[in-house]
Amino acid sequence: MHSKIFQITETRVDRDNYLNEDTLEQGDGHYYDYCSEIDEEERKFHIANLIEKALPKGMFTLVGENTIRYNGGADKWKKEFVTAIQEKAQAVTVENCMMWIGAVYQLEKFLKNPLDLGYQFYMDEHGVNGYAEQSYSFLQTVSQFEPGKLLYIGGVIDYHF
């Protein structure tokens with residue numbers, strides 16, 4: 001499967017430090033089979049899709065080609081997240097707790113990626129980390145911000161897993 005990884009940071013990223021196809025560990029036992037660069041048109045499409053469709057509605061606004069504004073909404077999202085966790089936890093029973101793709105697996109998957117996105121987030125401003133994270137880590141970071149906080153988009157790459 002293919003999806004995209006977005007470098008989103010609190011400070012503007014120098015182009016030399018943009019996430020690129022060589023930043024992340026890939027192949028031979030790593031999560032990513034391979035990563036590759038995308039063209040500018042595809043990059044713009046996926047940034048718009050991230051803001052308009054993938055992230056919680058209204059939480060972010062694209063205010064520049066590589067700049068997004070956090071509008072608030074984390075408190076509302078956290079309430080919805082906790083309610084969903086509780087519902088999924090109630091679905092775990094003695095009978096299904098050891099099933100391969102059962103209720104425990106669904107809960108675990110939800111805890112890591114509550115937005116159920118193929119998109120991942122790389123929050124390193126210096127381009128030295130060898131991994132990206134799923135939606136929970138991104139939203140956990142964002143929930144610390146005040147509305148109006150600007151975030152910057154660096155590299156956007158394709159990945160296959």
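Kindly provide the set of residues from the range 10-33 that are in a strand (DSSP E or B) and among the polar types (S, T, N, Q), ordered by number. Show your work before the answer.
So the first thing to find is which residues in the range 10-33 are in a strand (DSSP E or B), and the list is 26, 32.
The one that is in a strand (DSSP E or B) and among the polar types (S, T, N, Q): 26.
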In the range 131-140, anything under 8 Å from the mean Cα position of the chain (by Cα) and open to solvent by 30 Å² or more (accessible area, probe 1.4 Å) is listed as 133, 134, 136
Would you confirm, using the coordinates I've provided, whether residue 143 is open to solvent by less than 70 Å² (accessible area, probe 1.4 Å), at pLDDT 95 or above and within 23 Å of residue 29 (Cα to Cα)? no
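Picking from 96, 71, 49, 66, which residue would you name as being polar (S, T, N, Q) and under 16 Å from residue 135 (Cα atoms)? Break it down into steps so the answer makes sense when it comes.
Details: 96 fails: under 16 Å from residue 135 (Cα atoms); 71 fails: under 16 Å from residue 135 (Cα atoms); 66 fails: under 16 Å from residue 135 (Cα atoms).
The unique qualifying residue is 49.
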Residue 7, sole failed condition from (1) assigned to a strand (DSSP E or B); (2) farther than 27 Å from residue 143 by Cα: (2)
Please go through the range 136-153 and give me each residue that is among the small types (Gly, Ala, Ser) and in contact with a Lys or Arg (Cβ under 8 Å, 6 or more places away or on another chain), ordered by number. 143, 148
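Where in the range 34-152 are there strands (runs of 3 or more DSSP E), lying wholly inside it, with at least 2 residues that are within 20 Å of residue 10 (Cβ to Cβ)? Lay out the reasoning, then the answer.
On the way: elements: 34-37, 60-64, 67-70, 120-122.
Ranges flagged: 60-64, 67-70, 120-122.
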Can you pull out every residue in the range 98-130 that is surrounded by 11 or more Cβ atoms within 10 Å (Cβ to Cβ) and hydrophobic (A, V, I, L, M, F, W, C)? 99, 103, 104, 107, 110, 111, 115, 117, 121, 123
Return the residues of the range 27-61 that are more than 19 Å from residue 117 (Cα to Cα) and free of Cβ contacts under 8 Å to residues at least 24 places away in the same chain; say none if nothing qualifies. 27, 28, 29, 30, 39, 40, 41
Testing residue 161 on (1) open to solvent by 30 Å² or more (accessible area, probe 1.4 Å); (2) under 14 Å from the mean Cα position of the chain (by Cα); (3) among the aromatic types (Phe, Trp, Tyr), one condition comes back false. Which one is that? (2)
Collect the residues in the range 1-43 that are of a type in the set (D, E, K, R), within 16 Å of the chain's Cα centre (by Cα) and open to solvent by 30 Å² or more (accessible area, probe 1.4 Å), keeping them in residue-number order. 10
If residue 69 passes every condition in (1) surrounded by 15 or more Cβ atoms within 10 Å (Cβ to Cβ); (2) modelled with pLDDT under 95 but one, which one does it miss? (2)
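The values are calculated or read from the model by the stated rules, or taken from the named source; none is laboratory data. What you see is a predicted model; the values in this text were computed from it and never measured. Neighbour counts run over all protein chains shown; Cβ positions are idealised from the backbone, glycine included. The accessibility values were calculated without ligands, DNA or RNA, using every heavy atom of the protein model including side chains. Shrake-Rupley method; radii C 1.70, N 1.55, O 1.52, S 1.80 Å.
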